[in-house]
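Just so it is clear, none of the values below were taken in a lab; they were calculated from the coordinates. As the structure is a computational prediction, the values presented were derived from the model and not from experiment. Because the Cβ atoms are built from the backbone with ideal geometry, glycine has one as well, and the counts that use them run over all protein chains shown.
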Amino acid sequence: MIIDPVELTKKLINSKSETPNGKEAIIIIINELKKFDFNCEIIERNGISNLFAKWNTKSCDPTFCFNGHVDVVPAGDRSLWLNDPYKATEKNDFIYGRGACDMKSAVAAFVSASTETIKNSKIKGSIVITLTSDEEGLATDGTLAILDWMKDRKQKVDHCLVGEPTCMKYVGDTIKVGRRGSLNVKITANGVQGHVAYPEKAINPINAMCNLIFELTKSKIDAGNDIFDETKLNITNFDTNNKAKNIIPSSCELSLNIRYNNIQTKENLLKLIDSKIKIINKKTNVNFSVVANLSGEPFVNTSENFTKLVENSIKNITGKKPSLSTSGGTSDARFIKNHFPVLEFGLVGDSMHEVNEKVKRNHIYELTDIYKKILVDYFKEYSR
């Protein structure tokens, strides 16, 4: 291989890029891509470094884009790691280190696949690689900044593949063709503070909130459909901030997350919550306030032809047909889908964000081979 994806993975792991500090890792990629005549632009916004890199034949043929991120979540308690999380360590055919699975190995794989395809295959079209340092963080100045930059400069992309870990058991078993929506909600219950010995003089917001939790979680919201699993509501925090044992607090807060399918909308879900609140308010006289934050709406890839192409490319390498899924958390595909068709496909994600995060050496090579096949098949299909 022209660029060994395993060695590049190790270089990237050795670059400590806890979100949002990924500029050093991006420069490592730039140094590799420039050897193959990629035009590389670092896009800075609010202190976040991002990359737009393009190789093309100066034609009007299609543009294929790989998207990924070089930032990683913090390593946490270092004493729990077998080795330094920011020094790639090989043991028993695994490479250990923060970002090994999510997703420095996939970045290395699609950089290697792109450069080898350029060198060894006669393709008509352009290859774009976009990288961000803000996927694991607020995600406000990462891929969104790249997309804004592209729009301003009229840079087009026809189809995109995000290299997030998508597979369950082996490389090639799952393609993410979309994602569920994610709605975060904070609910505050306001009662009347009082002494626990005289509860009749107080209005206890905790009791009211417990009743609300029961109302919110007692039944399914929907049953899902052929594309999406059922909508699920999960309580993530319940806080009174009450340090005293003999006081009924005046208020308490509840946080919840709803992962929802395309049967639902943000508005419908907030109406559902409001209807439950009205029931409890009528029973308890506790007043509630709601603040909602939408992380992403549910979506499905709009190009069936692109999906079938990626399916067939994977099957050609692995011998097995991948499953199509919309499960899991959010990714930057939720931003990209507003601009051009997007799929997600990467490695097995069983150790992402964990202590002693790891990736199999041979999985990186296998993923690189699949990415190469996708590129060759893509330009055969879409080049004019």
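Would you calculate the separation in nanometres between label points at ASN39 and LEU82, each defined as 7 Å from the Cα along the Cα-to-beta-carbon direction?
Here the answer is 4.6 nm between the modelled labels.
Return the ratio Rg/(2.2 N^0.38 Å) for segment 236-366, where Rg is computed over Cα atoms only. Numbers along the way, then the final one.
Details: Rg = 22.1 Å, N = 131, 2.2 N^0.38 = 14.0 Å.
Rounded to two decimals, the normalised Rg is 1.58.
Scanning the chain for GluC sites (Glu not before Pro) in DSSP loops with at most 16 other Cβ atoms within 10 Å, what's the longest stretch left with none?
Longest gap between qualifying sites, sites excluded: 1-229.
If amide hydrogens are placed 1.01 Å from N in the peptide plane, which non-local residues have theirs closer than 5 Å to the one on VAL162?
ASN67, LEU343, GLU344, PHE345
Leaving out same-chain residues fewer than 8 places away, which lysines sit with a Cα under 27 Å from that of LYS220?
Those lysines meeting the cut-off are LYS176, LYS186, LYS232, LYS266, LYS271, LYS276, LYS278, LYS282, LYS283.
Looking at the chain as a GNM with Cα springs under 10 Å, which of ILE263, ILE43, ILE13 has the largest mean-square fluctuation?
ILE263
Take the alpha-carbon centre of segment 1-58, take the same for segment 72-142, and report the distance between them in whole Å.
Measuring centre to centre over Cα atoms gives 10 Å.
Bin by bin, in steps of 20 Å, what percent of the Cα pairs in the chain do you find, going until the bin that has the longest distance?
Calculated P(r), rounded to whole percents: 26, 49, 21, 4, 0.
Using the basic label-point model (7 angstrom from Cα toward the beta carbon), what is the LYS151 to ALA292 distance in nanometres?
It works out to 2.3 nm between the two label points.
Out of the DSSP beta bridges found with both residues in segment 1-129, what percent are antiparallel (nearest 5)? The partial results should precede the final answer.
Details: 14 of 19 bridges.
Close to 75 percent.
Taking R0 as 22 Å, what FRET efficiency do you get between LYS58 and ASN31 from their Cβ-Cβ distance, rounded to the nearest 0.05? Spell out each step's value before the answer.
On the way: r = 24 Å, r/R0 = 1.08.
Once rounded, the FRET efficiency stands at 0.40.
For segment 197-243, divide the Cα radius of gyration by the Kirkwood radius and give the resulting Rg/Rh value with two decimals. Write down the numbers at each step before the final one.
On the way: Rg = 16.3 Å, Rh = 13.6 Å.
Looking at segment 197-243, the ratio lands at 1.20.
Kindly point out, ordered by number, any Cys in the chain whose beta-carbon has no other cysteine beta-carbon under 4.7 Å away.
CYS40, CYS60, CYS101, CYS167, CYS210, CYS252
Using R₀ = 56 Å, calculate the FRET efficiency as 1/(1 + (r/R₀)^6) where r is the Cβ-Cβ separation of GLU7 and LYS282; round to 0.05. List each step's numbers first, then the result.
Numbers: r = 65 Å, r/R0 = 1.16.
After rounding, the FRET efficiency stands at 0.30.
How far is the Cα center of segment 281-347 from the Cα center of segment 235-279, in Å?
25 Å
Straight-line reach from LYS10: which lysines have Cα under 16 Å away, leaving out those fewer than 8 places along the same chain?
Within the straight-line limit of under 16 Å, LYS10 reaches these lysines: LYS87, LYS91, LYS104, LYS358, LYS360.
Which lysines, if any, have their Cα less than 19 Å from the Cα of LYS245, not counting same-chain residues under 8 positions apart?
Output for LYS245: LYS201.
Go through segment 131-143 residue by residue and turn each phi into a ³J(HN,Hα) via Karplus (6.51, -1.76, 1.60, θ = phi - 60°); whole Hz please, and just put x for glycine and proline.
Result, ordered by residue: 10, 10, 10, 10, 7, 7, x, 6, 6, 9, 10, x, 4 Hz.
Multiplying the sequence separation of ILE227 and ASP93 by 0.36 nm and subtracting their Cα-Cα distance, what value in nm do you get? Can you show the working numbers first?
Numbers: separation 134, 0.36 × 134 = 48.24 nm, distance 3.62 nm.
Between ILE227 and ASP93, full extension yields 44.6 nm more.
Run the quick spin-label model on LYS169 and LYS119: label points 7 Å from Cα toward the beta carbon, then report their separation in nm to one decimal.
Rounded to a tenth, the inter-label distance reads 3.6 nm.
What residue among LYS321, LYS372, LYS154 shows peak mean-square fluctuation when the chain is described by a Gaussian network model with Cα springs under 10 Å?
The residue with the greatest mean-square fluctuation here is LYS154.
For the chain, what is the mean residue ellipticity at 222 nm derived from helices alone (per DSSP H run of n ≥ 4: -39500 (n - 2.57); sum divided by total residues; nearest 500 deg cm²/dmol)? Don't skip to the end; give the middle numbers.
Numbers: 9 runs with 121 residues, N = 384.
Per the formula, -10000 deg cm²/dmol.
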